[in-house]
1. Just to confirm the filter: which trypsin sites (Lys or Arg not before Pro) across the stretch 461-495 are DSSP coil and have at most 16 other Cβ within 10 angstrom of their Cβ?
2. For a quick protection proxy, order the peptides 613-619, 252-258 by their average other-Cβ count within 10 Å, most packed first.
3. Between E411 and L651, what length comes free when the chain is fully extended (0.36 nm per residue of separation minus the Cα-Cα distance, one decimal in nm)?
4. Taking 0.36 nm per residue of separation and subtracting the Cα-Cα distance, what length does fully extending S520 through E145 add?
5. Tell me which residues come under 5 Å, amide H to amide H, from K54 once H is placed; ignore anything under 5 positions away on its chain.
6. Sorted by mean Cβ packing within 10 Å, highest first, what order do the peptides 23-30, 661-668 take?
7. Given a Förster radius of 30 Å and the C-beta distance between T210 and D52 as r, what FRET efficiency does 1/(1 + (r/R0)^6) yield to the nearest 0.05?
8. Give me a comma-separated list of calculated 3J(HN,Hα) values for the stretch 310-319, in order, Karplus coefficients 6.51, -1.76, 1.60 applied at θ = phi - 60°, integers in Hz, x for any Gly or Pro.
Amino acid sequence: MAALYEGYTLCGLVPDQNLSSSGIQGIEEERDRDHVVVTDSTRSVTLYKVSDQKPLGSWTVKQGQKLTCPAVFNSQTNEYVAVTDNKCVIDRREHFCLFRVLFLQVSSDVWKVHCTHGGEPVVLFQRGAVRLLDSLLAAPQQPIEEVLAQEEAIRWSTIIVAETQQFIIITTEQKGEHFLYLQRLNPNSVQRYRLEREEPGLSPLSFSATYRDKHICLLYLYPNGHVYQSVLSVRGLGTEEGVQALPLPRSLLLGLPVGDGQLEAASAMALDEAHVAVVGVPHPSAGGGKDFLCIWNTNFQTLQAGKEMAGKIYGQLWSYSNKVFIPHGKTLSIIPFECPKSSLASLNQTCYTLSKTPNSVPSWNNILHGEKAQPSKSAETRRTRTTRKSQSTTNLTTDQVLELIKTAPVEEIQKEVEGFLTRAEFQDLQPSVGQLALTLVSRSLADPAFYSSSTLAQLVHTRCLCHSVCPDLVLLALEKKDYFLCQLCLQFFPDIPEAVTCACLKAFISIPDVDAEKVSLEPDSVKFMENLITRDRAEAGLQNGFSPTSSVVNDRQTRAEDVKKKASAPSQLSCPVGLHKAVLINEILQTPYSDTFLLPHLKDLSSQHVMLFLQYLQFLYLKYSQDAFPQMEGFRSPSLSQIMDWVCLLLDAHFTVLVMTPEAKGLLLNLHRFVKSQVRLVSELGKIEGSLQELRKMKAKESIGQYSIEIIELF
């Protein structure tokens with residue numbers, strides 16, 4: 001059955017004062033599946049990395065100007081194209097930097113710019129004409145014809161790639177009548193259709209279009225809850241202008257419940273041939289006043305997944321790479337989903353689960369790592385145990401376990417929670433685990449003598465928890481000095497705020513090494529650090545441009561420094577912190593963050609903590625730079641880029657203090673050598689870049705014996 005996983009926040013919203021608009025014009029996926037371009041309703045365009053909710057860059061139009069259509073990314077030329085004030089087309093390049101910004105003043109108002117992956121941007125004008133961007137670049141003031149009739153206005157448009165050709169789909173309205181234009185590019189042809197009338201005064205709330213089975217499928221939702229589908233053929237389009245509108249056949253796909261009134265801000269979008277995502281439509285099993293994101297199966301006419309959305313719904317919905325982007329309240333959320341093929345055998349359990357818990361959704365952590373929604377290994381292990389232990393306890397419901405947590409001793413709570421987790425089905429764990437964790441944390445905060453570390457660790461191990469569900473859990477673990485639970489939260493929670501991350505960092509750095517060694521931690525991460533620290537320090541080679549024992553430098557001025565570096569090499573290769581403290585700091589390095597929100601909290605670190613942290617990062621860099629050090633797959637460990645990112649963050653936050661601290665002089669000089677060596681390496685690689693590209697273009701011989709010598713000539 002279809003599933004909606006736990007969502008996370010991409011960014012905040014600035015809606016209108018009357019909350020009639022979310023403040024977002026559009027969202028477009030960039031070149032890969034991990035980047036999106038978000039255009040607000042006023043002046044800003046921002047590029048986000050989806051996996052860590054990190055803004056990578058943004059740009060704003062001049063004061064007094066306004067963006068009038070969503071920005072799109074042209075993967076052919078690495079351009080961002082947008083429109084200001086309906087007539088000025090902006091062509092911005094080099095990933096949101098200020099290089100090569102091109103402004104085109106066109107002769108007619110622009111409705112929107114559309115672009116498909118690998119295709120050329122297409123400019124759609126408000127009167128229905130279409131131009132390729134390159135043709136406008138050649139002649140910006142060329143005359144633009146009018147395709148639409150008088151008093152006919154565009155309501156929605158999109159672009160579809162069908163059989164290697166681009167098609168522009170436009171829906172319009174004229175005096176209460178609704179029309180659809182299907183226009184093909186290269187060669188140009190257009191066909192006009194008339195939509196069938198619904199009840200008097202009703203206009204479609206939303207449209208979506210997909211291409212499958214050599215046909216374009218148009219999906220549209222009306223305020224009365226009717227979802228219709230029309231199928232269009234891409235063959236045999238007419239070529240005459242002003243051709244008579246043909247009737248557009250339709251079939252009723254879904255009849256959604258609308259409650260007492262009619263839908264106002266709602267949207268429906270096809271996810272695949274059998275599933276439709278709907279937002280702003282009441283859940284059939286929930287009370288009034290609640291807004292939901294739902295997935296309906298059109299084959300069986302059943303609701304298969306639902307998630308309540310807090311705040312006002314604006315009727316906007318985007319879907320990219322098995323993720324739904326939905327603005328609600330003051331938040332733009334991302335909800336991962338999955339739509340496997342359904343069977344009749346699964347429908348009874350599906351409908352029963354949704355009717356009991358309309359807001360139940362599995363955890364999204366597995367999806368974040370590209371896995372299917374399955375129980376964690378620990379949950380599977382618990383379910384494969386003998387049931388003798390669980391049979392000895394009463395089969396308590398969720399409410400009974402919650403009441404038990406409020407008064408029972410730690411041992412009884414641990415026993416009952418373990419039995420509950422063993423009995424519960426995975427799809428039912430999400431809401432239950434969150435309630436159990438909240439109740440445990442609330443009692444622990446109210447009663448200092450009560451704390452059940454093992455029970456909280458069990459709940460975290462289910463991977464059905466996140467920081468937003470139980471925001472006090474990590475801080476409670478820090479207060480109780482439960483560093484193992486902190487490590488689990490850092491591993492499994494993808495939405496830990498930067499302030500909490502810095503609080504963990506301060507606590508970890510402040511732990512005495514002797515106390516840290518007494519803490520039990522996750523074995524794989526400890527194994528990684530044991531291998532790293534105990535490795536023979538004499539084995540050092542040159543990788544990433546720097547060697548701690550021998551720096552081959554071409555100029556005479558730095559030869560004297562080599563002697564000093566050789567003398568200081570043994571101290572540089574000794575880990576400045578203990579084994580378990582290093583394991584905990586590694587978890588911080590791998591936690592997602594945003595530079596903008598992290599920097600203010602990093603400035604609260606003391607100079608001693610900053611020095612120790614930088615020394616440890618230097619140690620990691622040196623170890624990673626050794627040819628003798630193997631990258632151990634399967635072990636949780638920070639990457640080289642994460643290490644260097646944290647070095648840059650610390651220097652940005654504390655550079656002035658470090659410059660004024662005498663003890664930091666040697667450390668800063670070493671970091672300077674790191675940068676210098678990296679620049680030298682990149683420079684040397686640049687010299688052979690052309691040769692490497694030629695090697696990639698060469699075709700390998702199909703048959704090569706056990707031993708061969710091949711001479712390759714590079715020109």
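Computed from the coordinates by the stated procedures, all read-outs in this text should not be read as laboratory data. All values derive from a computational prediction rather than experimental measurement. Backbone-built Cβ (ideal geometry, glycine too); neighbour counts: all protein chains shown.
1. On the way: sites: R463, K480, K481; in loops: R463, K480, K481.
Those satisfying the criteria are K480, K481.
2. Sorting 613-619, 252-258 by mean packing, highest first, produces 613-619, 252-258.
3. On the way: separation 240, 0.36 × 240 = 86.40 nm, distance 4.74 nm.
Stretched out fully, the E411 to L651 stretch lengthens by 81.7 nm.
4. Values: separation 375, 0.36 × 375 = 135.00 nm, distance 7.33 nm.
Here the segment from S520 to E145 would lengthen by 127.7 nm.
5. Under 5 Å from the amide H of K54: K49.
6. Values: 23-30: 20.1, 661-668: 13.4.
Order by mean packing, descending: 23-30, 661-668.
7. Numbers: r = 29 Å, r/R0 = 0.98.
It comes to 0.55.
8. 6, x, 6, 9, 9, x, 10, 7, 10, 9
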